[in-house]
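The values are calculated or read from the model by the stated rules, or taken from the named source; none is laboratory data. As the structure is a computational prediction, the values presented were derived from the model and not from experiment. Cβ: placed from backbone, ideal geometry, glycine included. Neighbour counts: every protein chain shown. Accessible surface is based on the protein model in full, side chains and every heavy atom, while ligands, DNA and RNA are left aside. Shrake-Rupley method; radii C 1.70, N 1.55, O 1.52, S 1.80 Å.
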Protein chains: 2
Amino acid sequence: MDIFIEPIGKLVNEFSKLPGVGKKTAQRYAYKIIDMDESEARAFADAIIGVKRKVRYCKICGNFTEEDTCGICRTRDKEIICVVKEPKDVAAIEKLREFKGVYHVLHGVIDPLSGVGPNDIRIRELLARINEGNVKEVIVATNPDVSGDATAMYIAKLVKPLDVTVTRLSRGIPVGSEIEFTDDVTLSRAFIERNKL
Amino acid sequence: MDIFIEPIGKLVNEFSKLPGVGKKTAQRYAYKIIDMDESEARAFADAIIGVKRKVRYCKICGNFTEEDTCGICRTRDKEIICVVKEPKDVAAIEKLREFKGVYHVLHGVIDPLSGVGPNDIRIRELLARINEGNVKEVIVATNPDVSGDATAMYIAKLVKPLDVTVTRLSRGIPVGSEIEFTDDVTLSRAFIERNKL
């Protein structure tokens, strides 16, 4: 005999599909749902369905949107484009409320080992935007890892000849951390990219 | 402007209602849902609705069931009743696959500070079961805290006169842990409840 009756087992199984959620945590979540009112649980289920039904990608930048184009593309200054790997990176940068330009979501990075080449991500669309508009700077904000760096280099090579400044987010010691505990790669990068005072 | 468009914000908000889930984790879960196929997301939503629609409480023991009575009450020996606070405690004990008796879920414990008295939990139903059946032992498996202890004492007082053995799960040093790091209350309890070798 199973420990859980079928509907509970099913829900535990679904929660286990979420990132970082093991059996134990999935159980806790399932119990929480059982404790909810019918209407609360309905709202939860509707939110899941709603996200799949309503969320699309912006035709211009590739970010999440409910319309054809996203709110950022519709309202912001288009002289500076920040290039990111995924829509969640847009959310992380928007949270700062500092960047006032627009985005371009690549939906991936160049990664030959996984069979992802330049034509598999939205680089062509980026070049089209630059050719059409009055773009002054492209900030490449891909992750500071091998494929993020490779993608940044590739984009720089294509975009620089178009008379557009290409920049990359600085790498170095995280603010508030300690030199003693900084990993070697980051520390040596902090030396290479050191700034004049 | 919000960081998230409305359907994503809604889903993040729903995930935030789960125990121990903050904004960041809720976001990760929401992104996972966005990445799912339509059919996967539908199955997830259905599991949530399903659990609310199908899960009821067993008329006899108060555990989760899809029928009038649960599989344990229908098939097991009824001479030993294990009394627990919540259905999830049944799952924890069933996982051991050692206890062969039946359960009685109180759906709470006596806790005067929260206004929960003996009549607010399923103690009356426990006494009725004992009066009706051929019960030999009641194992009180409420949590080893103030209200769990109080509830155990209360049940013992009522059940012992009915010629039924009342026992309580042992408290002591957790298996595999070290005396040095055991908290004072547990350590002193381990002295009080020490066993002859």
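For region A:112-124, filtering for residues that are under 12 Å from A:ILE155 (Cα atoms) and surrounded by 13 or more Cβ atoms within 10 Å (Cβ to Cβ) leaves 4. Just the residues that are open to solvent by 10 Å² or more (accessible area, probe 1.4 Å) and over 21 Å from B:ASP37 (Cβ atoms), please, taken from region A:1-27. Of everything in region A:1-27, those that are open to solvent by 10 Å² or more (accessible area, probe 1.4 Å) and over 21 Å from B:ASP37 (Cβ atoms) turn out to be A:MET1, A:ASP2, A:ILE3, A:PHE4, A:ILE5, A:GLU6, A:GLY9, A:GLY22, A:LYS23, A:LYS24, A:THR25, A:GLN27. In region A:48-67, which residues are open to solvent by 10 Å² or more (accessible area, probe 1.4 Å) and either of a type in the set (Phe, Trp, Tyr) or in a helix (DSSP H, G or I) (or both)? A:ILE49, A:LYS52, A:ARG53, A:LYS54, A:TYR57, A:PHE64 - these are the residues of region A:48-67 that are open to solvent by 10 Å² or more (accessible area, probe 1.4 Å) and either of a type in the set (Phe, Trp, Tyr) or in a helix (DSSP H, G or I) (or both). Residue count for region B:3-35 satisfying the condition of being of a type in the set (A, V, I, L, M, F, W, C), within 7 Å of another protein chain (Cβ to nearest Cβ) and not in a helix (DSSP H, G or I): 4. For region B:56-76, check the following and say yes or no: at least one residue is in contact with a Phe, Trp or Tyr (Cβ under 9 Å, 6 or more places away or on another chain) and farther than 24 Å from A:ILE3 by Cα. No: zero hits. Given the structure, is B:ALA30 open to solvent by less than 40 Å² (accessible area, probe 1.4 Å) and either within 19 Å of A:GLU94 (Cα to Cα) or at pLDDT below 95 (or both)? Taking the combined requirement at face value, the residue satisfies it. What about B:VAL166, is it open to solvent by less than 40 Å² (accessible area, probe 1.4 Å) and assigned to a loop (DSSP other than H, G, I, E, B)? Judged against the criteria, B:VAL166 is not a match. Here region B:68-104 is the region considered, the condition is being under 21 Å from B:ALA128 (Cα atoms) and acidic (Asp, Glu), and the residue that is farthest from the other protein chains (Cβ to nearest Cβ) is B:GLU79. Screening A:ALA92 on (1) in a helix (DSSP H, G or I); (2) farther than 27 Å from A:ASP111 by Cβ shows it passes everything except condition (2).
May I ask you to list pairs of residues, at least six apart or on different chains, whose Cβ atoms are under 6 Å apart, with the first in region A:38-64 being at pLDDT below 95 and the second being open to solvent by 70 Å² or more (accessible area, probe 1.4 Å)? Listed by first residue and then by second, the contacts come to A:LYS52/B:GLU38.
Checking each residue in region B:132-160 for being open to solvent by less than 100 Å² (accessible area, probe 1.4 Å), farther than 30 Å from B:ASP184 by Cβ and without any contact (Cβ under 8 Å) to a residue 40 or more places away in the chain picks out B:LEU158, B:VAL159. For B:LEU187, the test of being touching a His at 6+ places or on another chain (Cβ under 6 Å) and surrounded by 13 or more Cβ atoms within 10 Å (Cβ to Cβ) is failed.
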